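Any read-out appearing in this document is the output of simple, stated calculations on the displayed coordinates, not a laboratory observation. Note that the structure is a prediction, hence the values are computed from the model and not measured. Cβ sites come from the backbone with ideal geometry, for glycine too, and all protein chains shown count toward neighbours.
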There are 4 protein chains.
Amino acid sequence: MSEYRFYYPLEIRYGDIDAQRHVNNARYFTFMEQARVRYFEHLGLWDGRDFDDVGIILLEASCTFKAPIQYGQQVRLGARVVRLGNKSIEMEYRFEEQTSGSILAEGRAILVSYDYHRNRSRRIPDAWREAISEFEGLG
Amino acid sequence: MSEYRFYYPLEIRYGDIDAQRHVNNARYFTFMEQARVRYFEHLGLWDGRDFDDVGIILLEASCTFKAPIQYGQQVRLGARVVRLGNKSIEMEYRFEEQTSGSILAEGRAILVSYDYHRNRSRRIPDAWREAISEFEGLG
Amino acid sequence: MSEYRFYYPLEIRYGDIDAQRHVNNARYFTFMEQARVRYFEHLGLWDGRDFDDVGIILLEASCTFKAPIQYGQQVRLGARVVRLGNKSIEMEYRFEEQTSGSILAEGRAILVSYDYHRNRSRRIPDAWREAISEFEGLG
Amino acid sequence: MSEYRFYYPLEIRYGDIDAQRHVNNARYFTFMEQARVRYFEHLGLWDGRDFDDVGIILLEASCTFKAPIQYGQQVRLGARVVRLGNKSIEMEYRFEEQTSGSILAEGRAILVSYDYHRNRSRRIPDAWREAISEFEGLG
C-alpha cells in the first residue's frame with residue numbers, strides 16, 4: 001500500500017534555507033512534526049490548544065534525503081500511520097514535488113502514547129486507536 | 001494612510017511555539033522576513049531562485065508585541081514600503097488576527113539596496129523604485 | 001556609561017547561517033533572548049527550571065545591524081538593564097567581535113514584569129529591583 | 001568499540017525548547033549537524049569559511065530519543081565516523097549527560113562526499129580518507 005490519505009502542503013520559508021542554499025536537514029524534521037500535528041488535528045485527536053493534551057512523544061525519527069528542496073519549490077508532505085502497537089504508533093512520511101510527483105525525501109517516526117499530565121507513557125487510548133484505524137483502513 | 005496592499009497569511013508551526021507556549025519573539029522577525037521576501041517576489045523584483053540577486057540587506061528591524069500569538073490562531077501579516085531613500089527602503093509590518101482584525105504586533109525595518117555579487121550597497125535600481133512607487137502609490 | 005558588566009559568548013551554529021551566508025537576522029533576536037535569560041540566571045532571578053517562573057514578557061525588541069556576522073567569528077554579546085520603570089525593564093545589547101572589539105550590532109528590548117501563573121503584568125518584584133539595581137549600579 | 005574520540009559540548013538555548021518544555025526533536029538534528037561540522041573542522045577538513053568547500057551532503061539521518069533534554073542540562077555530544085565507503089561516510093552520535101554519563105539520545109547519519117562547485121557526488125578525497133582513518137583508528 002503506497003497511498004497517503006493525508007497530505008500537508010509545505011510552506012518553505014526563506015528562513016528554512018541554509019548556507020548550502022537548499023532546505024536545511026533539520027527542517028525536514030520540523031516539517032514532519034508539523035504534518036504529524038496536523039494529522040492528529042485532522043483526525044480530531046488534538047484541538048490545537050492545550051499542549052499537555054498532545055498525547056504523544058517521539059521515540060525515533062529518521063529521514064532519507066533523495067533530492068535537495070529549493071526555495072520556491074511546491075512540495076507536499078504525506079503522513080500516515082502504518083502500525084499501531086500497544087503503546088506505540090509508527091508513521092511514515094513522503095515529501096513529494098507537487099507537479100511531477102517525484103519523491104524528494106522519505107521519513108519515518110515511532111511515537112509513544114504519552115500522558116503529559118502524569119509524565120508517563122500509556123496504552124493508546126481507544127478513541128485514538130479507532131480514529132486512526134478507521135482513517136487508515138488498518139486491520 | 002493605514003492601508004496595507006500586501007498581506008501574507010502566516011502559517012504558524014508547532015515549532016514556532018516556545019516554552020511560554022506562544023509564538024517565540026524571534027519568529028516574528030522570521031515572519032517579517034518572509035513577508036518581505038514575498039513582497040518583493042510579488043512585485044517581480046526577485047525570482048526566488050538566485051540568492052545573490054536578493055538585492056537588499058537589513059539595516060534595522062524592530063517589533064512591538066501587543067498580544068501573544070497562539071498556535072492555531074489565524075493571522076495575516078501586512079507589509080508595505082513607506083519610504084524610499086537614495087539607498088534605503090523603509091518598511092512597516094502589521095500582524096492582524098484574521099477574524100477580528102485586531103492588531104497583534106507591529107514591526108518596522110530599514111533595508112539597504114545591496115549588490116551581493118560585489119558585496120556593497122548601491123543606489124536603489126530604477127526598476128525597483130518604479131515598481132515599489134507604483135504599487136504603494138508613493139511620490 | 002558605555003560599559004557592560006555582563007557578556008555572553010555567542011556560539012554561532014552552522015544552522016544560524018542563512019542563504020546569504022551570514023547569521024540570519026532573526027537569530028540576533030534569539031541571541032539577545034539567550035543573553036537575557038542568562039543575565040537573569042546570573043543575577044539569581046530565574047533558576048532555569050520552571051518556565052512559569054520566568055517573570056518577564058517582551059514588549060519591544062529592535063536591532064541595528066552594522067556588519068554581517070560570519071560562521072566562525074568570535075563574538076560576545078553584552079546585555080545590560082538601563083532603566084527600571086514601575087512594571088517595565090529596558091535593556092540594551094551589544095554584539096562585539098572578541099578580538100577587535102568592533103561593534104557588529106546593537107539591540108534594545110523593553111520587558112514587562114509578568115506573572116505567567118496568573119497571565120498578567122505586575123509591578124517589578126522588590127527582589128528583582130534590588131538585584132538589578134545593585135548589579136548595574138542604577139539609582 | 002564504544003568510544004568517542006570527539007565530543008562537542010552542547011549549548012542549549014532557551015529557543016531550542018518547545019511547547020512540551022524540553023528540547024525540540026528537530027534541534028537534535030541541528031546539534032548533530034553542528035557536531036559534524038565541528039568534527040570536520042577539528043580534523044582540518046573544512047576551514048569554516050567557504051560553504052562551497054563543505055565537501056559533504058546528507059543522505060540519511062536518524063535519532064532515537066531516550067530521555068528528554070531539559071534547559072540547563074549539561075550535555076555533550078559524541079560524534080564519530082564508523083565506516084568509509086567509496087563515496088559515503090557513516091557517522092554515529094551520542095548525547096550524554098555530562099555528570100552521570102547517561103545516554104539521552106543516539107543518532108546516525110550517512111553522508112556522501114560532494115562537490116558543491118560541480119553539484120555532484122565524488123569519491124572521498126584521499127586527504128579526507130587518511131585524516132578520518134587516522135583519527136578514528138579505522139582499518
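Per-residue 3J(HN,Hα) values for the range D:96-107, derived from phi via the Karplus relation 6.51 cos²θ - 1.76 cosθ + 1.60 with θ = phi - 60°, read 10, 5, 4, 6, 7, x, 5, 8, 9, 6, 9, x Hz in sequence order (x marks Gly and Pro). Note on chain B: Cα-only Rg and Dmax are 15.5, 46 Å.
Peptide A:41-52 shows a mean partner chain C-beta count of 2 within 10 Å per residue C-beta. In order along the range C:36-43, phi translates into HN-Hα couplings of 5, 4, 5, 4, 6, 5, 4, 7 Hz, rounded to whole numbers, per the Karplus curve 6.51 cos²θ - 1.76 cosθ + 1.60 with θ = phi - 60° and x for Gly and Pro. For the range C:11-24, putting each phi into the Karplus relation 6.51 cos²θ - 1.76 cosθ + 1.60 with θ = phi - 60° gives couplings of 9, 8, 8, 3, x, 8, 8, 9, 5, 7, 6, 9, 4, 5 Hz, in residue order, rounded to whole numbers and with x for Gly and Pro.
For D:ARG83, inter-copy separations between label points set 7 Å beyond Cα along the Cβ vector come to 2.2, 6.2, 6.3 nm, shortest first.
Bridgeable lysines around C:LYS87 (alpha carbons under 25 Å apart, same-chain partners fewer than 8 residues away excluded): B:LYS66. Taking the label point 7 Å along Cα→Cβ, B:GLY139 and its counterparts in the other copies are spaced 4.9, 6.6, 7.2 nm apart, in ascending order.
For chain D, the relative contact order comes to 26 percent (Cα pairs under 8 Å, sequence separation of at least 6). Between the amide H of A:LEU104 and those of A:PHE95, A:GLU96, A:GLU97, distances stay under 5 Å, these residues lying 5 or more places away or on another chain, with hydrogens modeled in the peptide plane.
Among the trypsin sites (Lys or Arg not before Pro) within the range C:1-76, those in coil by DSSP and having at most 16 neighbouring Cβ atoms inside 10 Å are C:ARG5, C:ARG49, C:LYS66.
Against the empirical 2.2 N^0.38 Å scaling, what ratio does the C-alpha Rg of the protein assembly as shown come to?
It is 0.98.
Summing Cβ point charges (Lys, Arg +1; Asp, Glu -1) relative to the Cα centre of the protein assembly as shown gives a dipole of roughly 0 debye. Can you figure out the FRET efficiency of C:ARG118 with A:SER121, using R₀ = 35 Å and their beta-carbon distance, to the nearest 0.05? It comes to 0.60.
Think of chain B as having a plus end and a minus end, set by charges on the Cβ of Lys, Arg, Asp and Glu; of B:ILE57, B:VAL75, B:SER100, B:ILE57 sits farthest toward the positive end of this dipole.
Mean residue ellipticity at 222 nm, helices only, the protein assembly as shown: -7000 deg cm²/dmol; runs of at least 4 DSSP H residues each add -39,500 (n - 2.57), and the sum is divided by the number of residues. In the range A:80-139, inverting the average of 1/r over every pair of distinct C-alpha atoms gives 13.1 Å as the Kirkwood radius.
Under the criterion of Cα pairs below 8 Å and six or more residues apart, the relative contact order for the range A:70-139 equals 26 percent. Chain D has one residue whose beta-carbon comes closest to the axis relating it to chain C; that residue and its distance in whole Å are D:GLU11, 2. Inter-copy label distances at D:HIS117, using a point 7 Å along Cα-to-Cβ, come to 2.1, 6.2, 6.3 nm with the shortest given first. For chain A, a simple Cβ point-charge model (Lys and Arg +1, Asp and Glu -1, everything else neutral) yields a dipole of about 280 debye relative to the Cα centre.
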